[in-house]
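Here's the structure we're looking at; comments come further down.
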Amino acid sequence: MNHILTEGKLTYLEHINSPEDVKKLSEQEMKLAADEIRTAILNRDSKIGGHVGPNLGVVEATIALHYVFDTPKDKIVYDVSHQCYPHKILTGRRDGFLTDEGMAKISGYTNQDESEHDFFKIGHTSTSISLACGLAKARDLKGEKHNVIALIGDGSISGGEALEGFSNAAVLGSNIIIIVNDNEMSIAENQGGLYTNLRLLRETDGQAECNMFKALGFDYHYVADGNSISQMIDVLQKVKDTNKPVVIHMHTLKGKGYKYAEENQEKWHWNVPFDLESGEATIDMYGENYNDITYNFLNDKIKKDKDVVVLTAGTPGAFGMTPERRKELGKNLVDVGIAEEHAVAMSSALAKGGCKPVFCVWSSFLQRTYDQLSQDLAINNNPAVILVYAGAISSMDVTHLGCFDIAMASNIPNIVYLAPTNKDEYLAMLEWGIEQQSHPVIIRVPQQVNAAVAPVAQDYGELNKYQVVRQGKDVAVLALGSFFGLGEEVVAQLKEQGIDATLINPRYVSGLDGKLLNDLKANHKLVVTLENGVLNGGFGEKIARFYGADDMKVLCYGARKEFTDRVPLAELYQRYRLTVPQIVDDVKRVIL
């Protein structure tokens, strides 16, 4: 398939600059264009990484959508939008898949700043129906006439917002078309009873009396082969301009057209850059990492204590829990589907029931759980453990930033938020968090696997007691979690310039060591805080507030309160004055 690009020949794609050009194609030409679209998707993904299987599976459906509907007048909302690559290719952004320069200009998700054919920046799951409901209601209130389509699937319907959206859309009483992409997969295998009904509908060609969509009040259409352009065009033409809520349930093949993605759909949901011929990664994926460290610890723990329960919300692979590892954990692993809110509440209740839950979640997905963290977990003060991965300033796209978890979760009463600086400290905190019975505990998983530079405590029950790693004077550097290494570099550079700074590992994100902070007043003029997250509402602000009525000066370093989108990390560090020379210059300017 890749020969089209290597030979520089794009028979059809080079002539498709907008959906209007799709409408000019014959069905046979559409099929050939589908091959070229898959080639373009694989070209991008193999070079820079990205979502493989979800996009390969919706090529034909996307062609049919743009053949039948008239965007941007008709409005298509892509759930999670990791199924939007074909849509981008057909709406004037093919260079984002064909050239290195073009790839740098577009994101892997829908983005209204890129095209009038996109309506939202979307990278989190289960939102499309809610957004479509809003667009449809606005249309009706304004007396306009156009179609509103939500494309959901690839596991997204297990999320709570999707169910809320279905419930509301069903009684909207006007045009809203929901396409459920049933590829028999989520990121990993499907989880939950909803998918039992999808399977029944597939097995009965959509004829089963038990039909959750009809039960809600939708008109229902089943497409057995959602990878058939003709079948998709037929059903879309039937429902176009409908005056009632409609569900189209289409069965597709995730990863269609690329052997490796079809054979191992979980692995190829998303992948790092890879060789097209072999499917092997072209970047180094080896070396010690916290996925392996955490799994090995929890697996050993479960063998000794069956009360330990590991939870994930539809993303086990993100934490190194391969199918083999999931089998090893057995019933002590609970995958709740893409439903982080439910996972937090369930963790609280597991703890109440005498178990020892450990919920693994990415920082950007923890954002969905604020109410459950507060109401279901913290108010009840149940001793569940939450491991937050990818909590850091990063070069990720705007929908997957991991810099807000400290500000969000560390200010909820009763929660003990810990920030280990190295592997040994992380494992000690994890052991303590699982065994203690007094608090809900969140642990921010470090970014790099580093060895301990000082003795590691085993008991963290004396809350908010910071660790002085190096005693100095005049300047105290409080280097939190994964920024401890940055703190070491700053202190070493200050030492070379005649400033003997104190280095402190705060360990606790959620509380203050009042005694230590007061003691620093005796022989320190300046406190520097370093945190790998947003400053507003973060750790440094707590320190600055503590010293507000004193003469102590405080410099806080972290991220600005802003949304960034694929900005290189080095550029962000420079912008936020998070480089060693910048910090050292600031310190010298204050105290000298």
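The values are calculated or read from the model by the stated rules, or taken from the named source; none is laboratory data. Predicted, not measured: the structure shown is a model, and the values here were computed from it. Reconstructed Cβ throughout: ideal geometry from the backbone, glycine too, with neighbour counts over all protein chains shown.
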Filter result for the condition that a residue is surrounded by fewer than 21 Cβ atoms within 10 Å (Cβ to Cβ) and of a type in the set (Gly, Ala, Ser), over Ala261, Ala281, Ala313 | Ala281
Check whether at least one residue in region 254-263 is over 25 Å from Gly391 (Cα atoms), in a helix (DSSP H, G or I) and of a type in the set (Gly, Ala, Ser), and report yes or no.
-> yes
Among the numbered conditions (1) in a loop (DSSP other than H, G, I, E, B); (2) more than 21 Å from the chain's Cα centre (by Cα), tell me where Leu350 comes up short.
-> (1)
Hits in region 234-250 (condition: in contact (Cβ under 8 Å) with a residue 60 or more places away in the chain, outside any loop (DSSP other than H, G, I, E, B) and more than 33 Å from the chain's Cα centre (by Cα)) | Gln237, Val239
So which pairs qualify, if the first residue must be in region 476-503 and on the phi > 0 side of the Ramachandran plot and in a helix (DSSP H, G or I), the second must be modelled with pLDDT of 95 or more and of a type in the set (Gly, Ala, Ser), the Cβ gap must be under 7 Å, and the two must be at least 6 apart or on different chains?
-> Gly481/Ala419
Would you say Gly533 is outside the structural domain of Ser410 (by TED's automatic domain parsing), assigned to a helix (DSSP H, G or I) and either closer than 21 Å to Asn422 by Cα or of a type in the set (Gly, Ala, Ser) (or both)?
-> no
For Leu478: the one exception among (1) within 26 Å of Tyr295 (Cα to Cα); (2) crowded, with 24+ Cβ neighbours inside 10 Å = (1)
Which is assigned by TED's automatic domain parsing to the domain that holds Gly472, among the basic types (Lys, Arg) and either touching a residue at least 60 places away in the same chain (Cβ under 8 Å) or under 30 Å from Gln458 (Cα atoms) (or both), of Lys542, Lys553?
-> Lys542
Counting only residues that are free of Cβ contacts under 8 Å to residues at least 12 places away in the same chain and either in a helix (DSSP H, G or I) or in contact with an Asp or Glu (Cβ under 7 Å, 6 or more places away or on another chain) (or both), how many does region 200-220 have?
-> 4
The correct count of residues that are in a helix (DSSP H, G or I), under 22 Å from the mean Cα position of the chain (by Cα) and surrounded by 18 or more Cβ atoms within 10 Å (Cβ to Cβ) in region 284-310 is 5
Quick count over region 160-196, residues being over 23 Å from the mean Cα position of the chain (by Cα) and farther than 19 Å from Thr242 by Cα, is 2
Number of the exception - Pro54 against (1) over 20 Å from the mean Cα position of the chain (by Cα); (2) farther than 13 Å from Leu13 by Cα; (3) in a helix (DSSP H, G or I) | (1)
Hey, can you tell me all the residues within region 556-589 that are among the acidic types (Asp, Glu) and without any contact (Cβ under 8 Å) to a residue 24 or more places away in the chain?
-> Glu562, Glu571, Asp585
When region 167-206 is checked residue by residue, the ones that are among the hydroxyl-bearing types (Ser, Thr, Tyr), in contact with a helix residue (DSSP H, G or I) (Cβ under 8 Å, 6 or more places away or on another chain) and surrounded by fewer than 19 Cβ atoms within 10 Å (Cβ to Cβ) are Ser167, Ser174
Looking only at region 267-283, count how many residues are small (Gly, Ala, Ser) and either more than 23 Å from the chain's Cα centre (by Cα) or under 15 Å from Met103 (Cβ atoms) (or both).
-> 2
Elements of type helices (runs of 4 or more DSSP H) in region 2-50, at least 3 residues being modelled with pLDDT of 95 or more and of a type in the set (A, V, I, L, M, F, W, C) = 27-48
